[in-house]
Amino acid sequence: MTELGPAVWPPAPIRTERLVLRESEARDRAAFVELFASPEVNAYLGGPRARDELERALPETPEKRPGLFVIELDGAMIGTIELNHRDAEPRGQVDPEARKAELGYLFLPEAWGRGYAAEACAAALDWFAEALPGEPVVLYTQTANGRSMRLAAKLGFTEVKLFEKWGAEQWMGVRSSATPSG
């Protein structure tokens, strides 16, 4: 992954009605371990990582990098959103010559079903559209991941193509950064 071009990073924390999107901090480490070790969170992402391996591998202060937002609810991390360019070996870009930002997100299972993902992703996409006007965003998910497919539609992503990878049907959608979120 590379930087976000001319976008200023980190932005001031982004506040929504219920959430704060911010850079990662040392206090988020335990939640990162939970995210990466959760079988539910990683069901469509190749499976969970071993908790003991994560405890050894994750630094005391989780990595801060352009495009990675921690999603905070009432002072505690409930997930992450990442908006970054992927230049090397794109998974199915519309136009291989064009750089596109990719949206990725992970939320702890206890945060599912409450609209937090839609609220946080919409806020991140709005920030991105302002920071890099006119730049499209892509999203990949397995078609079997009904929650992710519904979120993609709600956020204004439209199907570009379906393809087979990692033993499952994958969906690729694109969203113009001019598309209003919500």
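What to note about this one:
- Close amide H partners of L108, meaning residues 5 or more places away or on another chain with modelled amide H under 5 Å apart, are G79.
- Using a Förster distance of 25 Å, the FRET efficiency for R18-R150 (Cβ separation, nearest 0.05): 0.80
- Förster radius 25 Å - calculated FRET efficiency between W9 and A43 (Cβ-Cβ, nearest 0.05): 0.25
- Cα gyration tensor shape for the chain, rounded if a/c is under 1.5, else prolate or oblate: rounded
- Qualifying aspartates and glutamates (Cα of each under 16 Å from Cα of K64; at least 8 residues distant if same chain): E3, E23, E25, D28, E72, E82
- Helical contribution to [θ] at 222 nm, DSSP H n ≥ 4, -39,500 (n - 2.57), averaged over the chain, rounded to 500: -6500 deg cm²/dmol
- For region 14-133, averaging the sequence separation of C-alpha pairs within contact (under 8 Å, six or more residues apart) and dividing by the residue count gives a relative contact order of 27 percent.
- Amide H to amide H, with H built 1.01 Å from N, V160 comes under 5 Å of M172, G173, V174, counting only residues 5 or more places away or on other chains.
No lab work stands behind these numbers, since they all come straight from the coordinates. Just so it is clear, the model here is predicted, and its values are computed rather than measured. Don't worry about glycine lacking a Cβ; one is built from the backbone with ideal geometry, like all the others, and counts go over all protein chains shown.
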